[in-house]
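Here's the structure, in structure tokens; my notes come after.
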Amino acid sequence: MQVHIRKFLLCLVLTVSGGSQAAAQTIRVAHVDPLSGPFALVGESAGRMLKAAAEDVNTRGGLLGGQKLEVVEFDGKGSPQDSVLVLKQIIDSGIRYVSLGSGSHVAHALIDAINKHNSRNPGKELLLLNIAAQDPPLTNEKCSYWHFRWEASTDMRVNVLTDFIARQKGSPKVYLINQDYSFGQSISKGAKEMFAKKRPDIRIVGDDLHPLGKVKDFAPYVSKMKAAGAEVVLTGNWGPDLSLLVKAARDAGLDVVFYTLNAFNAGVPGSIGKAGGDRVRQVMSWHANVADNRLERFLVDYKKRYNEDLWLSLPKLQMDMLARAIDTAKSAEPVKVAAALHGMRYPSETGEVWMRAEDHQLVAPQYVATFTKTGGAVKYDAEGTGLGWKTEDRFELNEVALPTTCKMEVPK
């Protein structure tokens, strides 16, 4: 009887040990994004890009001698409250890395929650890895050692767009329209300040903020643009809020050029189609037709696998830099990984990028591109429209970087 008990206990120990070793072979990253509601298309697409990027790391041999990266999805519903509830699920499941997609309002809530968690639970820290939330305070007065942002801030992106517009001939009348939350508000504020400094002769003839994801008909806003004589529209709208705006302008015969921060998002090119041809310009960190496209093989494989375009390089860059940090730290412990990411310079597919130590804001080259017919420099179209992105200008690190007011507390 005692022999059987000893054998049972030995098997139990081996089973538990084997399970622990199997768990140790996987480093999990939670992806928080709207996976339901009006912006689900963007969130679901971001999840697929993150998974493809993680699998690419695994195909190259994984981490720490063979451990794998795994992306686990959580629906934050685009809500700060729901995202904080989801964060509790992430913590309870033992995941230590959170990759955040859309929503600066969500980022503010998650940073506060993670700061509190980390201060109360030494040894169980989490890192927030941000690929889309762009509100400037997130890497200024609200900066945190536990938060790293891959997407340029709205100030950085609007600075590039206003630089580009300011270099053009003439003095176009500019209309601002944005979603009424921290992201859209920061675009409106930044654009007005930057035009005033760079080209005071360029007039802002309208400045609208509208509810996020609630407007079904943008015709009244387009009528205001027409009445104001707008020639350029600068907008941070994303998802349906952008595609509906561009289509309303086409239907009303409004002849303007849209300068955008999110026209490349999943679903937008296909939705606006020819209505955006040669009328939509975008600031972005990469697109499918950049010169010397070192992501071409990855984007072709991604399209074959998921039957959708790779429209953003940042999920791959995030996973690649996370993998580099884990291998550099020789550990998957977030405190050690954060120290490796802090100030990291990385040879990305578009050139060297820099995770600035002062504020954990990635500084990377930026492009201004026009949505136009394929042919010549436009090899790949977007979402089967026959139109793709064509580079108009590239801005280097010294042109993209802006000062920060961050006073980061670095753990000792």
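Of the residues 256, 290, 280, which is of a type in the set (Val, Ile, Thr), more than 21 Å from residue 176 (Cα to Cα), open to solvent by less than 20 Å² (accessible area, probe 1.4 Å) and in contact (Cβ under 8 Å) with a residue 40 or more places away in the chain?
The conditions single out 290.
Does residue 233 fit the bill of being modelled with pLDDT of 95 or more, part of a helix (DSSP H, G or I) and surrounded by 18 or more Cβ atoms within 10 Å (Cβ to Cβ)?
Against the criterion (modelled with pLDDT of 95 or more, part of a helix (DSSP H, G or I) and surrounded by 18 or more Cβ atoms within 10 Å (Cβ to Cβ)), residue 233 does not qualify.
With respect to residue 205, determine if the residue is open to solvent by 10 Å² or more (accessible area, probe 1.4 Å), among the β-branched types (Val, Ile, Thr) and more than 17 Å from residue 283 (Cβ to Cβ). Please lay out each step first, then the result.
Details: open to solvent by 10 Å² or more (accessible area, probe 1.4 Å): yes; among the β-branched types (Val, Ile, Thr): yes; more than 17 Å from residue 283 (Cβ to Cβ): yes.
The answer is yes for residue 205.
Restricting to the range 174-198, name every residue that is surrounded by fewer than 18 Cβ atoms within 10 Å (Cβ to Cβ) and over 25 Å from residue 80 (Cβ atoms).
Within the range 174-198, 192, 193, 196, 197, 198 meet the criteria.
Suppose we filter the range 338-395 for residues that are open to solvent by 60 Å² or more (accessible area, probe 1.4 Å), farther than 21 Å from residue 134 by Cβ, assigned to a strand (DSSP E or B) and of a type outside the set (Asp, Glu); how many remain?
Result for the range 338-395: 4.
Could you please tell me which pairs satisfy a Cβ distance under 8 Å, a separation of 6+ or placement on different chains, a first residue in the range 381-410 that is closer than 27 Å to residue 144 by Cβ, and a second residue that is open to solvent by 30 Å² or more (accessible area, probe 1.4 Å) and in a strand (DSSP E or B)?
As it stands, the answer is 397/352; 397/354, since those pairs meet every condition given.
Condition check: acidic (Asp, Glu), surrounded by fewer than 22 Cβ atoms within 10 Å (Cβ to Cβ) and farther than 19 Å from residue 190 by Cβ. Does residue 251 satisfy that? Even if it seems obvious, please write down each step before you answer.
Working: acidic (Asp, Glu): yes; surrounded by fewer than 22 Cβ atoms within 10 Å (Cβ to Cβ): yes; farther than 19 Å from residue 190 by Cβ: yes.
Here the answer is yes, as residue 251 does meet what is asked.
So the check is Cβ under 7 Å with 6+ separation or different chains; which pairs have a first residue in the range 261-276 that's touching a residue at least 60 places away in the same chain (Cβ under 8 Å) and a second one that's open to solvent by less than 10 Å² (accessible area, probe 1.4 Å) and basic (Lys, Arg)?
261/157
What residue, among those in the range 166-208 that are part of a helix (DSSP H, G or I) and among the aliphatic types (A, V, I, L, M), is farthest from residue 368 (Cα to Cα)?
196
If the requirement is being within 20 Å of residue 283 (Cα to Cα), open to solvent by less than 10 Å² (accessible area, probe 1.4 Å), more than 15 Å from the chain's Cα centre (by Cα) and not polar (S, T, N, Q), which of these qualifies: 165, 111?
Values: 111 fails: within 20 Å of residue 283 (Cα to Cα).
On inspection, the qualifying residue turns out to be 165.
So which residues in the range 24-70 are under 23 Å from the mean Cα position of the chain (by Cα) and at positive phi?
Correct list: 37 only.
Take residue 20 and decide whether it is open to solvent by 10 Å² or more (accessible area, probe 1.4 Å), touching a Phe, Trp or Tyr at 6+ places or on another chain (Cβ under 8 Å) and modelled with pLDDT under 95.
It is false that residue 20 is open to solvent by 10 Å² or more (accessible area, probe 1.4 Å), touching a Phe, Trp or Tyr at 6+ places or on another chain (Cβ under 8 Å) and modelled with pLDDT under 95.
Tally the residues that are in a loop (DSSP other than H, G, I, E, B) and closer than 16 Å to residue 318 by Cα, restricting the search to the range 87-125.
Result for the range 87-125: 3.
Within the range 293-306, can you find the residues that are among the aliphatic types (A, V, I, L, M), surrounded by 14 or more Cβ atoms within 10 Å (Cβ to Cβ) and out of contact with any Asp or Glu (no Cβ under 6 Å at 6 or more places or on another chain)?
Selection gives 299 alone.
I need a count of the residues in the range 259-277 that are out of contact with any strand residue (DSSP E or B) (no Cβ under 8 Å at 6 or more places or on another chain) and either open to solvent by 20 Å² or more (accessible area, probe 1.4 Å) or of a type in the set (Lys, Arg) (or both).
3
The values are calculated or read from the model by the stated rules, or taken from the named source; none is laboratory data. Being a predicted model, the structure only gives us computed values, none of them experimental. Don't worry about glycine lacking a Cβ; one is built from the backbone with ideal geometry, like all the others, and counts go over all protein chains shown. Only protein heavy atoms, including side chains, enter the accessible area calculation; ligands, DNA and RNA are left aside. Shrake-Rupley method; radii C 1.70, N 1.55, O 1.52, S 1.80 Å.
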